[in-house]
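What follows is a set of notes on a single structure, which appears directly below.
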Amino acid sequence: MTWNELNVVIENNSSFLISSHLSLDGDCVGSQLALYWYLKDRGKQACIYCVDPLPAKFSFLKNSEMLAGEKPSQQFDVLFILDCSNQSRLGWEGSNEAAKQIVNIDHHRDNTRFGFQNYIDTATAATGEIIYRFFTENNIDFPDHVAESLYCAIMSDTGGFRFSNTTGKILSVCADLANRGADCSAIYENVYASHSQTGLLLQARMWSTLTFHLEGKVCSMELPLSVIDELGAHHSDSEGMADNTVTAKSVEVGIICKHSPTQTHFSLRSKGLVDVGRVAQGIPGGGGHCCAAGCTIDQPYALAMPKMLSIIDKELRG
Ligand SMILES: [Mn+2]
């Protein structure tokens, strides 16, 4: 869809629901809040609904409490689904009935174009960049708290400006967001330097499981989900740990395994040699980008892990 078509959808409708994927990250939160602001600014009725709770580190963003609500029962004119490559990643049923039409805005290359209208730009670093371009290319001026949400979105999806999607183009976008009032160091501190004590203790437990495989080309850490309860920690406390799995020089692929007795969830990272997005897509329900992806195998860790290692071994030899 074009910007013009997106403008028409917004002007011709009055009620909007915004949603995004499970395991909320900075891009999904920031881009939803920026679009929410715009719809409210246009005098529209707007709600945000996500299944998973808002990680506390994003609660400094203005209007973030709007993500904490129950699923609204009314039918909306339009359901905006942001940063979500397929409807099952929403984690809730009935998205086709929730509104008269779905508009899908995303940057994941495995997006299934499930919307009635789709704005998919895989060349952007974050869905937040797409919303930024919508605003700036349509001369929509936005306040500092929206600049903050969009900066948070881009900072998160570039791994704090470390991933290969950190280009001059995206840094220019962020420079503009800083000039529009985003407080870069305050956003950094809220998102990356606001761990709880139990959160860091949980990470220490994960570090203690660090193991190298396949001649040092693969590094993994694991976490039985029961440890989260044992420490009184939260799921989100382990977020960011996946990036640590690819910090050794020899390593090409990093793995975080979080497992229950019956299921093993893999967060995969790659330095570029192996396309972990393709690895994850080979598992039902899995997906992601070439350097960061995730999937779940319905088997205990002891069975699922050797399976994953043999898939990655083939890719490394490929
Ligand atoms: Mn994203």
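Tabulated results
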item	result
Residues (touching a Phe, Trp or Tyr at 6+ places or on another chain (Cβ under 7 Å) and surrounded by fewer than 22 Cβ atoms within 10 Å (Cβ to Cβ)) located in region 256-272	C257
Per-region count, region 2-27, residues within 16 Å of the ligand (Cβ to nearest atom) and either within 19 Å of Q117 (Cα to Cα) or in a strand (DSSP E or B) (or both)	4
Neighbours by Cβ (under 7 Å, 6+ apart or cross-chain): first from region 22-36, more than 17 Å from L177 (Cα to Cα); second within 13 Å of the ligand (Cβ to nearest atom)	L22/R89; D25/S156; C28/S20; C28/H21; C28/L82; C28/D83
Condition check for G216: at pLDDT below 95 and not acidic (D, E)	no
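Condition check ((1) crowded, with 18+ Cβ neighbours inside 10 Å; (2) over 25 Å from L90 (Cα atoms); (3) free of Cβ contacts under 8 Å to residues at least 24 places away in the same chain) across all residues:
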residue: A248; (1), (2), (3): no, yes, no
residue: G254; (1), (2), (3): yes, yes, no
residue: V274; (1), (2), (3): yes, yes, no
residue: G285; (1), (2), (3): no, no, no
residue: D298; (1), (2), (3): no, no, no
residue: M308; (1), (2), (3): yes, no, no
residue: R317; (1), (2), (3): no, yes, yes
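Residue-wise test of (1) within 16 Å of the ligand (Cβ to nearest atom); (2) crowded, with 18+ Cβ neighbours inside 10 Å; (3) of a type in the set (A, V, I, L, M, F, W, C).
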{"site": "Q45", "(1), (2), (3)": "no, no, no"}
{"site": "D52", "(1), (2), (3)": "yes, no, no"}
{"site": "F58", "(1), (2), (3)": "yes, yes, yes"}
{"site": "P72", "(1), (2), (3)": "no, no, no"}
{"site": "L82", "(1), (2), (3)": "yes, yes, yes"}
{"site": "N86", "(1), (2), (3)": "yes, yes, no"}
{"site": "V103", "(1), (2), (3)": "no, yes, yes"}
{"site": "H107", "(1), (2), (3)": "yes, yes, no"}
{"site": "I120", "(1), (2), (3)": "yes, yes, yes"}
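Residue-by-condition table, conditions (1) within 16 Å of the ligand (Cβ to nearest atom); (2) in a helix (DSSP H, G or I):
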residue: T112; (1), (2): yes, no
residue: F135; (1), (2): no, yes
residue: F142; (1), (2): no, no
residue: H145; (1), (2): no, yes
residue: E148; (1), (2): no, yes
residue: S156; (1), (2): yes, yes
residue: G159; (1), (2): yes, no
residue: F163; (1), (2): yes, no
residue: L171; (1), (2): no, yes
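The values are calculated or read from the model by the stated rules, or taken from the named source; none is laboratory data. Note that the structure is a prediction, hence the values are computed from the model and not measured. A quick note on method: Cβ atoms are made from the backbone with ideal geometry, for glycine too, and the neighbour counts reach across all protein chains shown.
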